[in-house]
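Undergrad: Shown below is the structure under consideration.
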Amino acid sequence: MKAEHRQGWLFILPWVIGFVLLTAGPMLYSLYLSFTASSLLSPPQWVGLENYRRMFADPIFYRSLGNTAYYALLGVPLGMLLSRGLARLLDAPVRGLGLFRTLFFLPSVTNTVALSILWLWLLNPEFGLLNTALRTIGIEGPLWLQSEAWAKPALVLMSLWTVGGQAIICLAALQGVPRELTEAAAIDGAGPVRRFFAVTLPLISPALLFNLIMGLVGALQVFTQAFVMTGGVQPGSEGGPNQSTLFIVLYIYKKAFQEYDMGYASALAWALFVLITLCTGLAWRVSRSRVHYEGGGA
């Protein structure tokens, strides 16, 4: 092995050790636990595919999948649309633009627990800011987190508060669009809409794909908001009214750390891993002919 190769391995050795001990190792152990009956209080006993058979017959598992799919299918597209519009506004030549960019970005780096507590107040049906504002214009606001119909939309609304990170990525992509291309399209007679779809959209498509995949992965793993805001801290009350916010990760947490059914929780976690892998692969597959890079590849 050449000296530079040895030096390269030495430099990345801390990361490799951390990955093996803290990521790959626990993942493989959880895969083993998914084939066992384990309570963390006694040695695991091999049960084969029993946890997976139990999972496919579990109605609460399907309920949690449905809740998660609802959150992802509603929240991810809305987040992408809002971040794209916000990026356009943050690209406008106005005074104090740096301050506005900072203010819009701050919620995306704020602690999620702190944001959840803030939104508990905003969404309070009696004295929350949203319903108080609605009453001033003669509209009686919904019960939000206390309503089975409104609990998931309320969490989606909260998620839009943190689209600043996606907006900054879109903004960087917008600023990378060569001005001479849009000017040439304008000279050829293309209007604003035509210029956007023919010039801007193809050039920012890699950033949109990145936001789509990251937003999708994050939505499928939503946990903290539901845990803090819909009773997850109290065993037996997880998932809001009638389990309307019992997302798959919250269900995994319940099985693993409240019921100590670690074997079944590991099977649920691996089912989520497969689901995320399939969704990510599908997004890559669909994007091959729709995402354009500078080098011409897809």
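The values are calculated or read from the model by the stated rules, or taken from the named source; none is laboratory data. Everything numeric in this text was worked out from a predicted model, so none of it was measured. Reconstructed Cβ throughout: ideal geometry from the backbone, glycine too, with neighbour counts over all protein chains shown.
Undergrad: May I ask you to list pairs of residues, at least six apart or on different chains, whose Cβ atoms are under 6 Å apart, with the first in region 176-201 being within 16 Å of Arg84 (Cβ to Cβ) and the second being in a helix (DSSP H, G or I)?
TA: Pairs found: Val177/Thr200; Val177/Leu203; Arg195/Thr182; Arg195/Ala185; Val199/Leu181; Val199/Thr182; Val199/Ala185.
Undergrad: Something else about it: Is it the case that region 186-198 has a residue that's among the charged types (D, E, K, R) and in a helix (DSSP H, G or I)? Give the steps one after another, and end with the answer.
TA: Here is the first cut: in region 186-198, the residues among the charged types (D, E, K, R) are 188, 194-195.
Restricting the remaining residues to those that are in a helix (DSSP H, G or I) gives 194-195.
For region 186-198, residues among the charged types (D, E, K, R) and in a helix (DSSP H, G or I): present.
Undergrad: Within the bounds of region 245-256, is there any residue that is closer than 15 Å to Val217 by Cα and of a type in the set (Gly, Ala, Ser)?
TA: Within region 245-256, none of the residues are closer than 15 Å to Val217 by Cα and of a type in the set (Gly, Ala, Ser).
Undergrad: Mind telling me which of the residues Ile276, Ile252 ends up being β-branched (Val, Ile, Thr) and over 28 Å from Leu208 (Cα atoms)? Don't jump to the end; show me each part of the working.
TA: On the way: Ile276 fails: over 28 Å from Leu208 (Cα atoms).
So the residue among Ile276, Ile252 that is β-branched (Val, Ile, Thr) and over 28 Å from Leu208 (Cα atoms) is Ile252.
Undergrad: Working only within region 234-249, note down all residues that are closer than 19 Å to Met214 by Cα and aliphatic (A, V, I, L, M).
TA: Across region 234-249, the qualifying residues are Ile248, Val249.
Undergrad: Scan region 144-181 for residues that are within 20 Å of Ile117 (Cα to Cα), of a type in the set (A, V, I, L, M), in contact with a Leu (Cβ under 6 Å, 6 or more places away or on another chain) and crowded, with 19+ Cβ neighbours inside 10 Å and report the count.
TA: Selection size over region 144-181: 5.
Undergrad: In contact with a Ser or Thr (Cβ under 8 Å, 6 or more places away or on another chain), surrounded by 21 or more Cβ atoms within 10 Å (Cβ to Cβ) and assigned to a helix (DSSP H, G or I): does that describe Ala226?
TA: yes
Undergrad: Would you confirm whether any residue within region 56-69 is at pLDDT 95 or above, within 20 Å of Val163 (Cα to Cα) and surrounded by 12 or more Cβ atoms within 10 Å (Cβ to Cβ)?
TA: Yes, there is a match, as at least one residue in region 56-69 is at pLDDT 95 or above, within 20 Å of Val163 (Cα to Cα) and surrounded by 12 or more Cβ atoms within 10 Å (Cβ to Cβ).
Undergrad: Now for a different question. So which residues in region 1-50 are surrounded by 12 or more Cβ atoms within 10 Å (Cβ to Cβ) and in contact with a strand residue (DSSP E or B) (Cβ under 8 Å, 6 or more places away or on another chain)?
TA: Phe35, Thr36, Ala37, Ser38, Pro44, Val47, Glu50
Undergrad: Quick one: how many residues across region 76-103 are of a type outside the set (S, T, N, Q) and more than 29 Å from Cys279 (Cα to Cα)?
TA: Initial filter on region 76-103 (of a type outside the set (S, T, N, Q)): 76-82, 84-101, 103.
Now drop any that are not more than 29 Å from Cys279 (Cα to Cα), which leaves 89-101, 103.
The qualifying residues number 14.
Undergrad: Sort out which residues of region 33-61 are without any contact (Cβ under 8 Å) to a residue 60 or more places away in the chain and hydroxyl-bearing (Ser, Thr, Tyr), and write them in order of number.
TA: Ser42
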